[in-house]
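The values are calculated or read from the model by the stated rules, or taken from the named source; none is laboratory data. Keep in mind that what you see is a predicted model, and the values were worked out from it rather than measured. Using ideal geometry, Cβ is built from the backbone for each residue, glycine included, and neighbour counts are taken over all protein chains shown.
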Amino acid sequence: MASLARLLRATDHKQIAKRYLWAGLIFLAIGGVLAMVMRWQWAHPGEPVPILGPLLFPESGGAVTPASYTSLFTNHGLVMIFFAITPILIGAFGNFCIPLMIGAREMAFPRLTALSFWVFATSQALALASMVMPHGAAASGWTMYPPMSATIAEPGHGQTVMIAAIFTTGIATILGAVNFVTTVITKRAPGMTWTRLPLTVWGLWLTSILSALFVPVLGAASLLLFLDRVAGTSFFIAGAAGTGDPLLYQHLFWIFGHPEVYILILPVWGILGDLLATFARKPAFWYRGTVGAMCTVAGMSGLVYGHHMFQTGLGPMLGKAFEALTLAISAPAVVLYVNWLCTLWRGSIRLTVPMLFSLGAVFVFGAGGLTGLYLGAITTDIHLHDSMWVVGHFHLIMAAATFLGSFAAIYYWFPKMFGRELSRRLGLLHFGGSLIFLVLTFSLMLVAGYAGQPRRLYDPFQYEFIAHLAGINSITTYAAFALGAFQLVFVVNFVISLWRGRRAAPNPWQATTLEWTVASPAPPQNFETLPTVRRGPYELGRPDVRDRLGRDYLDQIEEEP
Amino acid sequence: VTWRDEETASIGVIVLLGAWSMSFLALLFSLGIVRGGPSGWPPPALADIPASLRSASVLVAVASSAALAWGLRARRMPAVVIGGALAVVFVIAQVGLLRAFAGAGFELREPPDAMVIALAGFHAVHAVLGAAGLAWVAGRAWSRTDCGYGPLRRWAMFWHFVSATWLAIYLAVFVA
């Protein structure tokens, strides 16, 4: 009992961060398994799924049925976005890094840190419960568009409980965002001016602002959808069943949904900025430009949502306006990208495991970004909308880039979190397999989409015009299986290193930011005395310092030699 | 409790209220779309809501916020108490308004009717929370325990939020 009470009462940001990490990794595995079962259906339509089939679909002899297929892709999307990527990138690294990197002993509101985690854990429990509810799990796609998500099309209680789970996780996200925003504003150490903040903190801070602004919109949409399902309202139901407007839901969803892309990618951008500089042994190129670009993207993120609705009958002027804004937002993203490349240019690059994951994230983000331009332009979107091209594009950004960015962060901060080092050899194996099969899996989706394969079909090959794409889909499926198999390397590495990994030094990467000035793992109070920050976070590759100290960097608090 | 802790708490409340106001904005945006829908606007039952009840609720909300703001700025506890009492009156008026909605024959299946009730009900939850919070911190401040003006000021901020959102809902539903 005492340990349970201690567990519930713990408010230390580092402990909470680890809980988010565990919770996110477990759901990453669940989401991955759902994806692989779904992919099996596209490689072997109607055939029993090996191993898991008899457990998951006993009534159909282990084969995926059309109804279970729609549940699979719905839950895969929801689990990955809300219950895996968000807790890892924002919950784990936001809570862990922000106080340590700004020189604070704790978050602004420690009890709120704990509360947000427990609310989030409740939402995860609701999401799991929704999968085993009577009359079926949620099956309306991750966007939960009505009328597919209305009781008229989806009577299962699973859909209702999943909507409640999304509302609950939204509350947790808002609480966390309020804490992060306030912490960065009020808890910075003396001398930690805004222009001395590491890019990771900038990314997490901007993400928190976007979460605070746009997650409540999803909350409102979820609330109205929930009322439609349980209270007999018809906000989103049109036709014989009601006089509502399904498009209203789409507006609300995408007002949240497009900023959500940036909510997930901004922390990765920040992390990449820090890691590329650290391992290129060079200051981050045009720091202020990168910060400005991130702020510009965050500022514009709420103005481009209409490109998700080009096919809904938007007026031509409105469509053109959203197209122009969507293409315009790529300009600051290009600034970011060029700054990363310039940071690498002529750097003394150290190919550590976190650096390799960072380089991989830069590559797939570039590919994902370029393929998105075709969806931002109305003329090409007409052809590509609702095709596998869309799936390939957003998986390159929201899956591959965030996945590789998350693992860059895990490999980088693992020593500071747990006081141990991960195996480099296993890390290299994990990286190589992940990058190759991520790129293969999602690139082939682009090919299938460009060839005309619509998304979300239970058995695409029953249609003659795409029957010839069965081969590509088969290769994609086995690439996805290989991708899943390589994650087992990470699991082995993670578990063994937790207990048997080499003890980590305080600063194993020769990094400059504040968290590397304390012991590994970070002590309970973070800093014995509050640090006074003397310089920016990228004093790397300095020949004068090497002459005097025998190393090429100065951290943010030490005096000039 | 240092001034810096007070400042941190106040900034946190401002960020929270800024975030939460987006949920009301989203509902008001939805109201705008619903008003242009096939059911038309206004809902017929809206005419059955007594004008005195509608106007009284806005006046009481504005008066309670004004009393709280002045009382806290001038450090006049009686004004703060009056503001808190008016907050309780507002909650009672809201209950009366919701009862009037229930008796006026609003149809939940009609989106305009349901949107009005959803907005009023969602707001009422905040009003009850705000009035209860004010009563709690005012009681602690009155009995001169560990609570100073800081918590009162922050609950007053929450109450201003309740008043401002009600004013917006009133304008969107009853006036515009």
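For A:LEU206, indicate whether it is farther than 21 Å from A:LEU252 by Cβ, more than 14 Å from chain B (Cβ to nearest Cβ) and under 22 Å from the mean Cα position of the chain (by Cα).
Considered against the rule, which asks whether it is farther than 21 Å from A:LEU252 by Cβ, more than 14 Å from chain B (Cβ to nearest Cβ) and under 22 Å from the mean Cα position of the chain (by Cα), A:LEU206 comes out as no.
Residue-by-condition table, conditions (1) closer than 29 Å to A:CYS97 by Cβ; (2) touching a residue at least 40 places away in the same chain (Cβ under 8 Å):
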site	(1), (2)
A:GLY376	no, yes
A:THR380	no, no
A:ASP386	no, yes
A:ILE397	yes, yes
A:ALA400	yes, yes
A:SER406	yes, yes
A:TRP413	yes, yes
A:LYS416	yes, yes
A:GLY419	yes, yes
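Given A:PRO267, A:PRO259, A:PRO216, A:PRO283, which one is part of a loop (DSSP other than H, G, I, E, B) and either modelled with pLDDT under 95 or in contact with a helix residue (DSSP H, G or I) (Cβ under 9 Å, 6 or more places away or on another chain) (or both)?
Exactly one of A:PRO267, A:PRO259, A:PRO216, A:PRO283 is part of a loop (DSSP other than H, G, I, E, B) and either modelled with pLDDT under 95 or in contact with a helix residue (DSSP H, G or I) (Cβ under 9 Å, 6 or more places away or on another chain) (or both), namely A:PRO283.
Exactly one condition in (1) surrounded by fewer than 18 Cβ atoms within 10 Å (Cβ to Cβ); (2) within 19 Å of A:ALA35 (Cα to Cα) is false for A:HIS383; which is it?
Of (1) surrounded by fewer than 18 Cβ atoms within 10 Å (Cβ to Cβ); (2) within 19 Å of A:ALA35 (Cα to Cα), only one is false for A:HIS383: (2).
Can you tell me how many residues within the stretch A:146-184 are part of a helix (DSSP H, G or I) and in contact (Cβ under 8 Å) with a residue 40 or more places away in the chain?
Number satisfying all stated conditions: 24.
Hey, can you tell me all the residues within the stretch A:264-292 that are closer than 21 Å to A:GLY360 by Cα and surrounded by fewer than 22 Cβ atoms within 10 Å (Cβ to Cβ)?
A:ARG281, A:LYS282, A:PRO283, A:PHE285
From the list A:TYR262, A:TYR287, which residue is more than 9 Å from every other protein chain (Cβ to nearest Cβ) and closer than 30 Å to A:ASP544 by Cβ?
Criteria check complete, one pass: A:TYR287.
If you check B:LEU72, B:LEU17, B:LEU46, which single one turns out to be in contact (Cβ under 8 Å) with a residue 12 or more places away in the chain, closer than 20 Å to B:PHE90 by Cβ and either surrounded by fewer than 17 Cβ atoms within 10 Å (Cβ to Cβ) or more than 14 Å from chain A (Cβ to nearest Cβ) (or both)?
Step by step, each of B:LEU72, B:LEU17, B:LEU46 is checked, and only B:LEU72 is in contact (Cβ under 8 Å) with a residue 12 or more places away in the chain, closer than 20 Å to B:PHE90 by Cβ and either surrounded by fewer than 17 Cβ atoms within 10 Å (Cβ to Cβ) or more than 14 Å from chain A (Cβ to nearest Cβ) (or both).
Looking only at residues that are in contact with a Ser or Thr (Cβ under 9 Å, 6 or more places away or on another chain) and farther than 16 Å from A:THR512 by Cα in the stretch A:187-201, which one is nearest to the other protein chains (Cβ to nearest Cβ)?
Looking at the filtered set, the residue picked out is A:LYS187.
Determine the pairs where a residue that is more than 8 Å from chain B (Cβ to nearest Cβ) and modelled with pLDDT under 95, located within the stretch A:222-250, has a partner that is surrounded by fewer than 21 Cβ atoms within 10 Å (Cβ to Cβ) and in a helix (DSSP H, G or I) with Cβ atoms under 7 Å apart, the partner being 6 or more residues away or on another chain.
Pairs found: A:ALA238/A:PRO246.
Mind counting the residues in the stretch A:429-470 that are of a type in the set (Lys, Arg) and without any contact (Cβ under 8 Å) to a residue 12 or more places away in the chain?
Residues flagged as of a type in the set (Lys, Arg) and without any contact (Cβ under 8 Å) to a residue 12 or more places away in the chain within the stretch A:429-470 amount to 0.
Can you confirm whether A:GLY136 is over 24 Å from A:TYR458 (Cβ atoms) and either within 14 Å of chain B (Cβ to nearest Cβ) or touching a residue at least 40 places away in the same chain (Cβ under 8 Å) (or both)?
Criteria not met by A:GLY136.
Which one of the conditions (1) within 11 Å of another protein chain (Cβ to nearest Cβ); (2) surrounded by fewer than 16 Cβ atoms within 10 Å (Cβ to Cβ); (3) farther than 14 Å from B:ARG153 by Cβ does B:LEU53 fail to meet, given that it meets all the rest?
Every condition holds for B:LEU53 apart from (1).
Here is a yes/no grid of residues against (1) away from chain A (no Cβ under 14 Å); (2) touching a residue at least 24 places away in the same chain (Cβ under 8 Å); (3) of a type in the set (S, T, N, Q):
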{"position": "B:MET77", "(1), (2), (3)": "yes, yes, no"}
{"position": "B:PHE90", "(1), (2), (3)": "yes, yes, no"}
{"position": "B:GLY96", "(1), (2), (3)": "yes, yes, no"}
{"position": "B:ASP113", "(1), (2), (3)": "no, yes, no"}
{"position": "B:VAL116", "(1), (2), (3)": "no, yes, no"}
{"position": "B:TRP136", "(1), (2), (3)": "yes, no, no"}
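If a residue must be more than 13 Å from every other protein chain (Cβ to nearest Cβ) and either hydroxyl-bearing (Ser, Thr, Tyr) or at positive phi (or both), how many such residues does the stretch A:99-114 contain?
Counting residues in the stretch A:99-114 that are more than 13 Å from every other protein chain (Cβ to nearest Cβ) and either hydroxyl-bearing (Ser, Thr, Tyr) or at positive phi (or both) gives 1.
For the structure I just gave you, tell me whether B:ALA61 is crowded, with 16+ Cβ neighbours inside 10 Å and within 16 Å of B:ALA124 (Cα to Cα).
yes
When you scan the stretch B:20-41, do you find a residue that is away from chain A (no Cβ under 14 Å), in contact (Cβ under 8 Å) with a residue 40 or more places away in the chain and over 30 Å from A:ARG188 (Cα atoms), even just one?
no
For the stretch B:80-115, how many residues meet the condition of being within 21 Å of B:VAL34 (Cβ to Cβ), assigned to a helix (DSSP H, G or I) and more than 15 Å from the chain's Cα centre (by Cα)?
Going through the stretch B:80-115 one residue at a time, the tally reaches 8.
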